[in-house]
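Contents: one structure, followed by commentary.
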Amino acid sequence: MSVTAAPSWSHTRPQPGWLARLFDWKPFLIVVCLLPAVGLLTVFLTYPLGLGVWLAFTDTKIGRSGRWVGLENFAYLMEDPTFWSAVFYSVFYTAVATVGKFALGLWLALLLNNHLPFKSLIRAIILMPWIVPTVLSAIAFWWIYDPQFSIISYVFVDVLGLRERYFDFLGSTWPARFSLIAANIWRGIPFVAICLLAGLQTISPSLYEAALLDGATPWQRFTRITVPLLMPILAIVMTFSIIFTFTDFQLVYAITRGGPVNSTHLMATLAFQRGIAGQELAEGAAIAVSMIPFLVFATLFSYFALARRKWQQGESND
Amino acid sequence: MASVSIRNVRKSFGSTEVLHGVSVEIADGEFVVLVGPSGCGKSTLLRMIAGLENITSGEIAIGGRVVNNVPPKDRDIAMVFQNYALYPHMTVRDNMAFSLSLAKAPKQVIEAEVGRAARILGLEGLLHRYPRQLSGGQRQRVAMGRAIVRNPQVFLFDEPLSNLDAKLRVQMRAEIRELQMRLNTTTVYVTHDQIEAMTMADKIVVMNSGHVEQIGPPLELYDRPANLFVAGFIGSPAMNMIEGRVEDGAFRSADGTAWPLPPANGQGGAAPAGPIIYGVRPEHVRLAPGEGIPATVQVVEPTGSETQVLLRVGGASLVGAFRERIAARPGEVLPVLPDPALVHLFDRETGRRL
């Protein structure tokens, strides 16, 4: 009997190919993974923003490339009463509309948080103003505010007989301003109401029961349980709402185009008016750039003043 | 402090009746535990005492005053919720002071009352913390502190220990009991855990699907369960129930094995001939070499302090809990005998104790 030696075999790990090694190399991986996101951000966010800021410091017009003029555009705007009127109206529009949206939105959310018949149907109906395209609802409001065909005027004058003359919604400064704010509030309520409703539903019912046993009246339960517990989501929703309202364009441009006599121009509509319609691209850019500090301020304010609460922060034991 | 009377109380949600006429008398300073499986209506009853659910029919009186239409805050009760329901945005101090500050009590009074409750519960060092920064046991204590501050006539507890781990639960059980004895406040405590009920209560109310099955002190429920439900619910491991009939002065299970009857009934006196259910607690089964019933070992579960053995006698299975350590293997045959004095007999039709 012969003993045959087993063929000698040593286990060799297969060497990974150059491609596998490349994909194991961390710096390469980082670049590959980040590239799509960074690319998209650069092309669609950074470049337009950068271009806008750059244009603000030049004297570009449509069809004529500009040169660097420093702060000249801003210096001109400082002297421009129309610009200041737009700044004022932007702030006023945002402030009044936000207060209106939150007062009515919170009220609606509180109503919907109760057990109502046809709850989901009502919720769906409430979302309607938000899902209708803005321009469409702007046209609807344009008709509602029309000097001759306004349904509101018709109801007050022809049906109820409470007034002699038709309302002049858009013909003079302040009525026009408030009419636009009303349209904006109408459009903004659903977003606020649905977000706050989501916030309300995170509050445990047993907290209200505990408060009830502790002797809290409905108003006290609202001010001492609901409001503080809703504050974090309120802050976020308010930040978004302020940004959307401050940068609003469609409603105003579709209903009044900034008129009468430029009194309802927001900064966004004025920027478009001057930059595109008026061909002063650089000046429009300068107006748009002037919006940035307001937005940064609004964001920081709600972030620091409203959103951060000690009781929300982690489990830290001091 | 006050007594609580629950008289023929019913509760319906829509067309479903969940409490079918419950009556319980709770004496001043008594610790009463409502116990039963989930869905038996015990929490609903507690919430009706608190005023969080309205009473469909019947009457609830606290301290002699019918409270059916009294709002919760005027019932002079305090409740500890299962999830504690601490206000997350308030410190421990503010949580405990909330009811007093709503009542516009003077600052010194609030300070004094919160201080007193904090001392009782050992919460002095935690007053400035938020609920998030507390452990489960600490939150539990704050919830009790909030109840104590109100100095109520009745404490209501809704499964307060079910969110705690096993060890802490045992500790808090003793703490709540000790606290109740010190404050001597009438207490209604809801739990699904019969051990909690047995260890804490002066009086246990066993509930099952909207009915009261039995009311009594813990040991009475253990020694003389009124029916099969109570017999099976109280005690762990659960009582063995063997079906069979009484024939010729002995109980015979389905396979013909003869089991000893209690002495009074041994002569065929009280135990009527016919089908009955024979109940014996695992701890009342003993080893009886020579005279015992041969039982086949299926599973042996040593717990250290005792050994639980799952046995098979004919077609019936029997659990025995023995103080001695038994090194039996599955398949072995052990001679076992129930203690005849501690055997319970139940009517098979009605489930009532015979």
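The values are calculated or read from the model by the stated rules, or taken from the named source; none is laboratory data. Source: prediction; values computed, not measured. So basically every Cβ, Gly included, is an ideal-geometry build from the backbone, and we count neighbours across all protein chains shown. Just the protein is used for accessible areas: all its heavy atoms, side chains included, with ligands, DNA and RNA removed. Shrake-Rupley method; radii C 1.70, N 1.55, O 1.52, S 1.80 Å.
Computed values, structure above
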| quantity | calculated |
| --- | --- |
| Leading residue at positive end of dipole, the protein assembly as shown (Cβ point charges), from B:PRO131, B:ALA143, A:SER150 | A:SER150 |
| Built amide H within the under 5 Å cut-off of B:ALA2, gap 5+ | B:GLY29, B:THR186 |
| Student exercise, region B:240-347 dipole from Lys, Arg, Asp, Glu Cβ charges, in Debye to nearest 20 | 160 |
| Protein-only accessible surface order, largest first, of B:HIS192, A:HIS115, A:HIS265 at 1.4 Å | A:HIS115, B:HIS192, A:HIS265 |
| Other-chain or far-sequence residues with amide H under 5 Å of B:GLY58's (modelled H) | B:ARG10 |
| Region B:307-350 - Rg and Dmax from Cα coordinates, angstrom | 12.9, 40 |
| Of A:THR82, A:VAL38, A:PHE57, farthest towards positive along the dipole that unit charges on Lys, Arg, Asp, Glu beta carbons give region A:1-138 | A:VAL38 |
| Set A:LYS119/B:LYS11; A:LYS119/B:LYS42; B:LYS11/B:LYS73 screened for pairs whose C-alpha atoms are more than 23 Å apart | A:LYS119/B:LYS11; A:LYS119/B:LYS42 |
| Backbone HN-Hα couplings from phi across region B:325-338 [Karplus 6.51/-1.76/1.60, Hz, Gly and Pro as x] | 7, 10, 9, 6, 10, x, x, 5, 10, 10, x, 10, 8, x |
| DSSP beta bridges in the protein assembly as shown [antiparallel fraction, %, rounded to 5] | 75 |
| Chains A and B, summed buried accessible surface - 1.4 Å probe, Å², nearest 100 | 2400 |
| Whole-percent carbon and sulfur share, accessible surface of region A:80-309, 1.4 Å | 73 |
| Dipole of chain A, positive direction: furthest Cα of A:THR247, A:PHE92, A:TYR166, with charges on the beta-carbon | A:THR247 |
| Region B:240-347 shape via C-alpha gyration tensor axes, a/c threshold 1.5 | prolate |
| Dimensionless Rg over Rh [region A:168-318; C-alpha; Kirkwood] | 1.13 |
| Dipole magnitude of the protein assembly as shown about its Cα centre (Cβ charges: Lys, Arg +1; Asp, Glu -1), debye to nearest 20 | 1160 |
| Region A:114-157 - accessible surface per residue (Å², probe 1.4 Å) | 71 |
| Per principal axis, descending, Cα span of region A:48-145 in whole Å | 65, 30, 26 |
| Rounded percent of accessible protein surface that carbon and sulfur make up, chain B, 1.4 Å probe | 50 |
| Neighbourhood net charge (12 Å Cβ-Cβ; Lys/Arg +1, Asp/Glu -1) for B:ASN69 | 0 |
| Antiparallel DSSP beta bridges within chain B, as percent of all bridges there, nearest 5 | 75 |
| Reference-scaled alpha-carbon Rg (2.2 N^0.38 Å with N residues) for region B:4-233 | 1.02 |
| Antiparallel %, DSSP beta bridges [both residues in region B:146-279], to 5 | 75 |
| Viscosity 0.890 mPa s, temperature 25 °C, Stokes-Einstein D of the protein assembly as shown from Kirkwood C-alpha radius, µm²/s | 75 |
| log₁₀ of I(q)/I(0) at q = 0.14 Å⁻¹ - chain A, Debye sum with one point per alpha carbon | -1.20 |
